[in-house]
Every structure is written in C-alpha cells, then in structure tokens.
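Let me begin by presenting the structure, written as structure tokens, before commenting on it.
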Amino acid sequence: MAERIALVSSERGLRVDPDLPIAAAALADAGFGVDLVRWDDETVDWAAVDLAVVRSCWDYAWRLEEFLGWAGSVPRLRNPVEVLRWNTDKTYLRDLERAGLPVVPTVWDPTDAGELPDAGEGVVKPSVSAGPRDTARWADAGDALAHAAQLRAAGRTAMLQPYLASVDDEGETAMLFLGGRFSHAVRKGPLLGRGEGVRQDRDSRGDLAPTTPTAAQRELAQQVLDAVPELVGVESAPLYARIDLVGDAAGRPVLLELELTEPSLFLPQAPGGAGTLVRAVEAELSR
Ligand SMILES: Nc1ncnc2c1ncn2[C@@H]1O[C@H](COP(=O)(O)OP(=O)(O)O)[C@@H](O)[C@H]1O
Ligand SMILES: [Mg+2]
C-alpha cells in the first residue's frame, strides 16, 4: 500500500497556501497517498500517517500551547515537536547569537531610551508572531517604546531592532533547505512602510522573485542550519528550513529569521523545489 503523507495546514491555509497543491501533486506523482489536513482536525488518525509534514498552520501563534501539545502527540511529525517548541519563539535568535552567528542586533523587552540602538529607524515586533502582524517600523524612540510596552502588557516578549535599510533596495534573501541541503532562494521586497505604524493586513507573499544567493549568503545559511541539531537536541537536520538573510550597514549578511515551523516554500517561484521536497521526504522515510 502507498505510504501516506499528511501535509498539515489550517482552515485558511487549506484555502490559500499556494505551496500545498504543488507539493501534493508532486508527492502523489511519486506514488504517495497524500492527505491535506488541518492540525486541529480531531478526526485525523495521526498514527496511520507515515509522515506528517507541518506546512501552513497559520493560526498557531495565538494557540501556541495547544499547537505544541498537538505536535507532541503526533508520532511521526516533521519538523518534530522539539524543533517547533524552540522555533515558534524568536528568542531562538539569542541561542544562535551565543553560538557566534551574526543575527540582526536585537534588544529584548526594551523599557528605556538608553537601550535603543543608535540607528535611525527601529523595528518593534513580538517574539511569537503570525506573519508580520503587530510588527512596525518607527522613526521615533517614544513610539517604539510605547509599542514594546503594549506588547509586554499583553504578556508578550517585545523585540527592538534597527531598521535594516538594505531591505528597501536589495531586499531580503529567503533560502530554502530541504532534507538538509540548499534547494532554492527567493528575494522578498520590503514590507514595513515608513510612518505606517502597526498594520494587520500586510501580505508577506506579495513581492517575490527567484534569486541566486551569494557565496557569503550560502555559507552563513549553512552555518545556521548546521547549528540547529546541537542547539535543539535533535539528531538530524530539519526536513525543511527557510533562512532569511538581510545585509547589515556594512553589507554583510545577517540572520533575520530562521523558519523551521511553517515556512512558505515558495514552490510557485521555484520549478525544481517540489521535486527536491519529494526526495527529502523519501530520504526521511528511509531513515
Ligand atoms: N530589522 C528589520 N529591518 C528591516 N525590515 C525588517 C526588520 N525586521 C522585520 N522587517 C520586515 O518585516 C518582515 C517580517 O519580519 P520577520 O522578522 O521576518 O518576522 P515574521 O516573518 O515572523 O513576521 C520582514 O520580512 C521584513 O520585511
Ligand atoms: Mg519573516
């Protein structure tokens, strides 16, 4: 009987995640039985699935403990619950920084202006976020601190970073790793408009184009990925990973985000991507 792969999504993800139909078709072509399911669908028999792959569980941010509880209950989940627990909170950036990797300079829970970076504009965001909701770019330190205080008052961890202006012209480089190997990369345009404040309706999949990363970007991304097993306490590289890099003021790549939970794979922008995903799933099953 065909092995069963569950691509795990959410109510909204099932309707609009553009990666899902492409991934499902490629896996079906390779002979797998494919189920497109919601993580919170109580009728799914997870024990009957050979591999459950988290894809677009976009509602996890406001149901985090429930989501992680579910992840802990699924026998063969990728990425596994240990990785999800670590990666669903951007405090993982601290671990990577301690491991010596260049990450976007971040002040955690800033409370007074003395802690603000010297840079002109700042970005404030919550450490657990569902897309760029509750994220804003501020020119004024008072506005940035007020936004951070609001997040703290809601029981969240606030992050303050310098606004890296290179995203305006060079963009952000999103590099996809499948089965531990580099697969493809996409350039993302800037998302936070000047003076715009907090907005809940930004579309992080708007301005995308295939790109070829530089040698320096490839090297840093690989270092970030290689650091994961030891930091998280798992044995092998994550099945899927997206590493988002931006250039700092000196033009060096720094890590903005390491997405090991539910990264968009940008399959519509990457003709070879779905095939690489299939091979990564096959390798995972033959472990
Ligand atoms: N320090 C920063 N400098 C410039 N742009 C930023 C910065 N932090 C976030 N952004 C913008 O906001 C977007 C969302 O932030 P990100 O840290 O990737 O969180 P998430 O993708 O989880 O919402 C980024 O893709 C980028 O366009
Ligand atoms: Mg991001």
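May I ask for the net charge around Gly233, where only other residues with Cβ less than 13 Å from the Cβ of Gly233 are counted and Lys, Arg are +1 while Asp, Glu are -1?
Summing Lys and Arg as +1 and Asp and Glu as -1 gives -3.
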**Asked** Just by accessible area at a 1.4 angstrom probe, what is the order of Thr111, Thr91, Thr135, Thr212 from largest to smallest?
**Response** Thr212, Thr111, Thr91, Thr135
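About its Cα centre, how strong a charge dipole does the chain have in debye, to the nearest 20, once Lys and Arg get +1 and Asp and Glu get -1 at the Cβ? Could you put the intermediate results ahead of the total?
Numbers: 29 positive and 45 negative charges, 64 e Å.
Taking the Cα centre of the chain as origin, the dipole is about 300 debye.
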**Message:** Considering only protein heavy atoms and a probe of 1.4 Å, how much of the accessible area of the chain is carbon and sulfur, as a whole percent?
**Reply:** 48 percent
**Message:** For the chain, compute Rg over Rh where Rg is the Cα radius of gyration and Rh is the Kirkwood radius from the inverse mean 1/r over Cα pairs.
**Reply:** 0.96
**Asked** Given charges of +1 on the Cβ of Lys and Arg and -1 on the Cβ of Asp and Glu, with all other atoms neutral, how large is the dipole of the stretch 114-271 about its Cα centre, in debye to the nearest 20?
**Response** 320 debye
**Message:** Among Ala215, Ala280, Val234, which residue has its Cα furthest toward the positive end of the charge dipole of the stretch 198-287, with +1 on Lys/Arg Cβ and -1 on Asp/Glu Cβ?
**Reply:** Ala215
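Where Rh is the Kirkwood radius over the Cα pairs of the stretch 142-277, the temperature 20 °C and the viscosity 1.002 mPa s, what D in µm²/s does Stokes-Einstein return? Could you put the intermediate results ahead of the total?
Working: Rh = 16.4 Å.
Answer from the Stokes-Einstein relation: 131 µm²/s.
Can you tell me the accessible area per residue over the stretch 1-108, all protein chains present, probe 1.4 angstrom, in square angstrom?
Values: 4900 Å² over 108 residues.
Each residue of the stretch 1-108 exposes 45 Å² on average to a 1.4 Å probe.
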**Item:** Protection-proxy order for peptides 42-50, 62-70, 273-281, each taking the mean of Cβ atoms within 10 Å per residue, highest first
**Value:** 273-281, 62-70, 42-50
**Prompt:** Does anything in the stretch 151-195 have its amide N under 13 Å from the 7 Å Cα→Cβ label point of Ala215, and if so which residues?
**Reply:** none
**Asked** Could you give the distance between the Cα centres of the stretch 84-110 and the stretch 1-72, to the whole Å?
**Response** 27 Å
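Could you sort Arg76, Arg252 by their accessible area in this structure, using a 1.4 Å probe and putting the largest first?
Details: Arg76 95, Arg252 145 Å².
I get Arg252, Arg76, largest accessible area first.
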**Prompt:** What's the local net charge at Ala99, with K and R +1, D and E -1, over the other residues with C-beta under 14 Å away?
**Reply:** -2
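Only four residue types carry charge here, +1 at the Cβ of Lys and Arg and -1 at the Cβ of Asp and Glu. Report the dipole size of the stretch 181-287 about the Cα centre in Debye, rounded to the nearest 20. Working shown, then result.
On the way: 12 positive and 15 negative charges, 70 e Å.
Here the size comes out at about 340 debye.
The values are calculated or read from the model by the stated rules, or taken from the named source; none is laboratory data. Bear in mind the structure is a predicted one, so any value in this text is a computation, not a measurement. Cβ coordinates were reconstructed from backbone atoms using ideal geometry, including for glycine residues, and neighbour counts include every protein chain displayed. Side chains are part of the model used for accessible areas, which takes the heavy atoms of the whole protein and leaves out ligands, DNA and RNA. Shrake-Rupley method; radii C 1.70, N 1.55, O 1.52, S 1.80 Å.
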